[in-house]
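Here is the structure we will look at.
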Amino acid sequence: ARCDGTAGAVPGGASLMPARLPIGAYRHRVTILRRTVVQTPDGQEETWSPTAIRWAAVEPLSSRSRADYQQIVGEVSHRFRFRGAVSLPFGDTRLAWRGETYELAEPAVVSPLGDETTVVARRLTAG
C-alpha cells in the first residue's frame with residue numbers, strides 16, 4: 001500500500017482503494033446478507049439472511065471506472081466503503097441498499113490501518 005492510503009491501481013490509472021473519505025460520507029445504511037444453504041426434501045435451497053446493518057459510503061462507478069474494473073473482475077456498478085474492518089466473505093455475502101441487492105465482484109479490501117473496508121459490486125437484476 002502506498003502512503004496516501006491507496007493500494008495499487010487498475011489499468012487506466014484508477015485506484016483500487018481511493019483516498020479516505022470524511023466521516024459524513026458514510027451516510028448510507030447498507031444491509032449485509034449472508035448465504036445459507038439448507039437441505040430440503042427437494043434438494044438444497046439457498047437463502048440470503050440479513051446479518052448486520054452498517055453505515056457506508058456508496059458510490060456509483062463512472063463509465064471509466066467500470067471499464068477499468070471490467071478488465072479485471074467483469075461487470076461492476078458500485079463501490080461500497082465501510083468504516084473499519086468488516087468481514088465480507090467473498091461468495092457468501094451480498095449487500096442490500098435502497099431496495100436493490102448487490103453481489104460482490106471481488107474480495108473486499110481492508111485498508112492497511114484497518115479503518116476502512118472497500119468492495120466493488122454489481123447490481124443483481126430481478127429474475
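Bear in mind that the values in this text are calculations on the coordinates, not laboratory data. Please read these numbers as outputs of a predicted model, since none were measured by experiment. Every residue, glycine among them, receives a Cβ derived from its backbone with ideal geometry; neighbour counts consider all protein chains shown.
Figures for the structure shown
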{"read-out": "Highest average packing first - 115-123, 26-34, 84-92, Cβ atoms within 10 Å", "value": "115-123, 26-34, 84-92"}
{"read-out": "Proximal charge balance of T117 [Cβ under 13 Å; K/R count +1, D/E count -1]", "value": "+2"}
{"read-out": "Long-range amide H partners of S77 with built H, under 5 Å", "value": "A121, R122, R123"}
